[in-house]
Amino acid sequence: MKLTDIMTKEVEVVSPKDSLKEAAQKMRVHDIGFLPVTEDDRVLGVITDRDIVVRGVAEGDDPDTKIGQKFITTPAVFCYDDQDVEEAAKLMEDHQIRRMLVLSRKDDRPAGVISLGDIATRGKEKTSAKVLQSVSEPTN
């Protein structure tokens, strides 16, 4: 099964010029916890709800602080829309992540997002269980 068959195709993005507050509001409105950070259609990295809290709020940064480079997780772990779900699951497992950006093979632009939930509800149960176990293990 290909990622294009199960990924979430609506991709919300933010710019490094956007503030932490704007990113958080976009996450709230769309009920998501992950946003690709793009500039001129180029993916610079991603920002998660956890990045905002751990790198921003916990450090005392003002919510109006621009995302810039400080709050972006780089490099962005990604896969392509024509890749197999099993390949994406392996990447998620290897990097211990629950969400991953999916790029279009034809133009390297964001095409979707694949999450552990997508794999669990639309993929193979065995694959999602394996990824969940791996991403839930504590890191050293």
Check: Give me the pairs: first residue in segment 2-18 and more than 15 Å from ALA76 (Cβ to Cβ), second residue assigned to a loop (DSSP other than H, G, I, E, B) and of a type in the set (Gly, Ala, Ser), beta-carbon distance under 6 Å, and six or more apart or on different chains, which are they?
Finding: ILE6/GLY123
Notebook entry, point to check: within 17 Å of ILE119 (Cα to Cα) and either part of a strand (DSSP E or B) or in contact with a Gly (Cβ under 7 Å, 6 or more places away or on another chain) (or both) - does that describe any residue in segment 58-69?
Noted result: no
Margin query: All but one of (1) touching a Gly at 6+ places or on another chain (Cβ under 8 Å); (2) modelled with pLDDT under 95 hold for VAL37; state the number of the condition that does not hold.
Written below: (2)
Item checked: Complete set of residues in segment 19-31 that are out of contact with any helix residue (DSSP H, G or I) (no Cβ under 8 Å at 6 or more places or on another chain) and either under 18 Å from ASP62 (Cα atoms) or in a helix (DSSP H, G or I) (or both) -> SER19, LYS21, GLU22, GLN25, LYS26, ARG28, VAL29, HIS30
Margin query: Scan segment 34-43 and tell me whether some residue there is within 16 Å of ALA76 (Cβ to Cβ) and part of a loop (DSSP other than H, G, I, E, B).
Written below: yes
Margin query: Only one of GLY60, GLY56, GLY68, GLY45 is buried (at least 17 other Cβ atoms within 10 Å of the Cβ), over 13 Å from the mean Cα position of the chain (by Cα) and over 19 Å from ARG122 (Cβ atoms). Can you tell me which?
Written below: GLY56
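The values are calculated or read from the model by the stated rules, or taken from the named source; none is laboratory data. These numbers were taken from a predicted model, which means no experiment stands behind them. Reconstructed Cβ throughout: ideal geometry from the backbone, glycine too, with neighbour counts over all protein chains shown.
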